[in-house]
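Engineer: Sharing a structure, written as structure tokens. Questions coming.
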Amino acid sequence: MSEQIEEHVYPRTSRLEAWRNEIEIRRSKNWPYRKIADWLREQKGLVISKEAIRKFCLVRKISKGASKPKTVTTTPTLSLKRSKRPYYPKPRQPIKRIFEYDDSEPIDIHNKKSGISRSSSA
């Protein structure tokens, strides 16, 4: 019994890819999504919602009023260059100590050195 294994099918591309340049031109001329949807329905016979066009433009970074539509799309590359200046952590500030302890002397629990007395006057 031999099974037929189907070939892997990559995710579908958008139906709007065929008209990407026209959509970019219209968005650069400040056309709203609804007007683009109407144009596609009337001129190209493609029934699609304005929300689908909005998401298409959002994913492909097609913005309203852009100066020039991009005709070639490129995949951004990650730069693996190291910075010229190596990282050195900032030196730590010395800790301000409130209590100092000298192990050669007994602990002064009555604060006699500071001049504070804890005697109560009744």
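Engineer: Kindly indicate whether Ser104 is surrounded by 10 or more Cβ atoms within 10 Å (Cβ to Cβ), at pLDDT 80 or above and assigned to a loop (DSSP other than H, G, I, E, B).
Structural biologist: On the way: surrounded by 10 or more Cβ atoms within 10 Å (Cβ to Cβ): no; at pLDDT 80 or above: yes; assigned to a loop (DSSP other than H, G, I, E, B): yes.
No, not satisfied.
Engineer: On to the next question. Residue by residue through segment 23-49, note down the ones that are in a helix (DSSP H, G or I), within 14 Å of Gly65 (Cα to Cα) and either out of contact with any Lys or Arg (no Cβ under 8 Å at 6 or more places or on another chain) or among the aromatic types (Phe, Trp, Tyr) (or both).
Structural biologist: If the condition is that a residue be in a helix (DSSP H, G or I), within 14 Å of Gly65 (Cα to Cα) and either out of contact with any Lys or Arg (no Cβ under 8 Å at 6 or more places or on another chain) or among the aromatic types (Phe, Trp, Tyr) (or both), then Ile23, Ile25, Tyr33 are the ones that fit.
The values are calculated or read from the model by the stated rules, or taken from the named source; none is laboratory data. Fair warning: this is a prediction, and the values are worked out from it, not measured in the lab. Glycine gets a Cβ as well: all are built from the backbone with ideal geometry, and neighbour counts include every protein chain shown.
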